[in-house]
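Asker: I have a structure here, written as structure tokens, and I will follow up with some questions on it.
Taken together, the values in this text are just the output of simple stated rules run on the coordinates, not laboratory data. All values reported here derive from a predicted model rather than from experimental measurement. Note that we place each Cβ from the backbone using ideal geometry, even for glycine, and neighbour counts take in every protein chain shown.
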Amino acid sequence: MKERAVHILIGLVLIVALVAWFYHATRPAPGIAESARSASLQGMSVAYISGGKLFCKTDNGPAREIGSPYIQQVVDRLERSKERNAWKQGTSFQVAAHGGVRDFEGAGAGIRFSSAIFHKDRGLLYFLSDNTIGGLFTFDLDTGVELRLLHKQRLDLSDLQLDAGGSRIIASAVAPDGISNIATLDIEGNQFREMTAGDTVDAAPAWVHNEPDTIVYQSAGLARSPQGYVAATGHTTIQKLDMRSGRIQTVLESSEHDFLHPRVSADGVLHFIRRPYVGTNYSAGNIFIDTLLFPFRLLRAVFHYLNFFSLMYSRKPLTGAAGPKVHADIKHIILKGRHIDAEKALRKENAINGVASLVPRSWELVSRTRQGQETVLATNVASYDLLADGSIIYSNGRAMFLLGHGGQSSVLLQADLIGEIVGRSA
């Protein structure tokens, strides 16, 4: 018995030692990160979206969350609604038509930042949306004053980009049926016009330098089931649109790759993210699994049907699982339309300057000259931005980096989950 206890104790010590080693091995050295920040952010401003929230970092100051007064007003209104409906808690009035429980908490307004760009000298231009309404706002970083430019139901914009004159906006307009089109509007939120159409996902538009009415964007076709649901998404291509004539020209296309987030530098070099295309295959094995699971899915549907009546008439669910709300597991996230297992990625993917990546090494930032010569600038790239001085910043999902001329990457900041990023040079 003593030998077994000793063996168990040794095993526990080894496990603790391995966990500690893994933690320190995947965690970047604080000294390196701090020196990279102080050396790289002088005269530069960066912003990023994480979990639907907007954060901004200017010069060498700390990153701060941008608090929208509009969101605060909505939260306050929901809190008042919560107080008015407090008497409904625990009664049949709390039961929704689908059998679930109505939420009178008001915690989290469900409003998210979908896109943001720097505007004028010390401002941000961003879009806020929920399931029903969207709005375009400006925010002064010095005074904290927020101005609403546009507010409209069923409007959801992302990938905002300003033209060189700062008077026109190009964006991706997302529809509830999965389609997104490229749209333009002026800086006041007027003259909204969709420039593309079709059963496609058109996104990430960018203006082409010295061609004021020309843009590039990414585009992928949709395949639908007989019922109209999206069954698959095709490989993503890069298209060029002349907005005067409406002529569309394919710039890059491959059945083996997705080409994402096109940007054109001042010298005419095209930048984009290249990653392997992963199609949707529905084989005989899928049919077998669906057939096998059909009885269980039917029983689940019957259970929720009965649970609704139990909540309605006895005010008690058939199971305690209907009590607290279930939150999505942060372990599984979506970046650039691709499902990412964050835990697996942090364990296996390449680390940049000691910061583990959320996206694979095969996600490459590529530059392409007018003559067609391509150069891989960085790997494990989830998002990036070209700055006016020619600098490039990019993210691997957990940190933002400045790409040096020699191909070396310096850490600008770190965060748990970094989505779209944007930068501005001095």
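Asker: Hey, how many Å between the Cα centroid of the range 172-209 and the Cα centroid of the range 359-426?
Answerer: Cα centres, the range 172-209 to the range 359-426: 24 Å.
Asker: Multiply the residue separation of Gln73 and His151 by 0.36 nm, subtract the distance between their alpha-carbon atoms, and state the gained length in nm to one decimal.
Answerer: Taking Gln73 through His151 to full extension adds about 26.6 nm, to one decimal.
Asker: Alpha carbon centre of the range 145-160 versus the range 213-234: separation in Å?
Answerer: Between the Cα centre of the range 145-160 and that of the range 213-234, the gap is 24 Å.
Asker: Now, a different point. Assign one of three labels to the range 214-261, namely rounded, prolate or oblate, based on the Cα gyration tensor with a ≥ b ≥ c the square roots of its eigenvalues; rounded applies when a/c is under 1.5, prolate when it is not and a/b is larger than b/c, and oblate otherwise.
Answerer: Here the range 214-261 falls in the oblate category.
Asker: Pulled fully out, how much extra length does the chain show between Ala223 and Leu299, if you take 0.36 nm times their separation in residues and subtract their Cα-Cα distance?
Answerer: 24.3 nm
Asker: Once phi is turned into ³J(HN,Hα) by the Karplus curve 6.51 cos²θ - 1.76 cosθ + 1.60 with θ = phi - 60°, what whole-Hz value does each residue of the range 133-150 show in order, with x for glycine and proline?
Answerer: 9, x, x, 9, 9, 10, 9, 8, 5, 7, 9, x, 7, 10, 10, 8, 9, 8
Asker: Sticking with this one: Which loop trypsin sites (Lys or Arg not before Pro) in the range 171-257, with loop taken from DSSP, have no more than 11 other Cβ atoms within 10 angstrom of their Cβ?
Answerer: Within the range 171-257, the qualifying trypsin sites (Lys or Arg not before Pro) (loop, at most 11 other Cβ atoms within 10 Å) are Arg244.
Asker: Want the number for Glu194 to Arg122: 0.36 nm per residue separation, take away the alpha-carbon distance, what's left?
Answerer: That works out to 23.0 nm of additional length.
Asker: Net charge near Gly337: determine it from the other residues with C-beta under 14 Å of the C-beta of Gly337, scoring Lys and Arg +1 and Asp and Glu -1.
Answerer: Neighbourhood net charge equals -1.
Asker: In whole Hz and in residue order, list the ³J(HN,Hα) couplings for the range 273-279 that follow from phi through the Karplus curve 6.51 cos²θ - 1.76 cosθ + 1.60, θ = phi - 60°; x for Gly and Pro.
Answerer: 9, 10, 9, x, 7, 10, x
Asker: Can you flag which of Lys152/Lys336; Lys82/Lys120; Lys120/Lys152; Lys57/Lys82 are past 28 Å Cα-Cα?
Answerer: Lys82/Lys120; Lys57/Lys82
Asker: Between Ser245 and Lys53, what FRET efficiency comes out of the Förster formula 1/(1 + (r/R0)^6) with R0 = 45 Å and r the beta carbon distance, rounded to 0.05?
Answerer: Given R0 = 45 Å and the Cβ-Cβ separation, E is 0.65.
Asker: With labels modelled as points extended 7 Å from the Cα through the Cβ direction, what inter-label distance (nm, one decimal) is found for Glu65 paired with Gln373?
Answerer: Between Glu65 and Gln373, the label points sit 4.8 nm apart.
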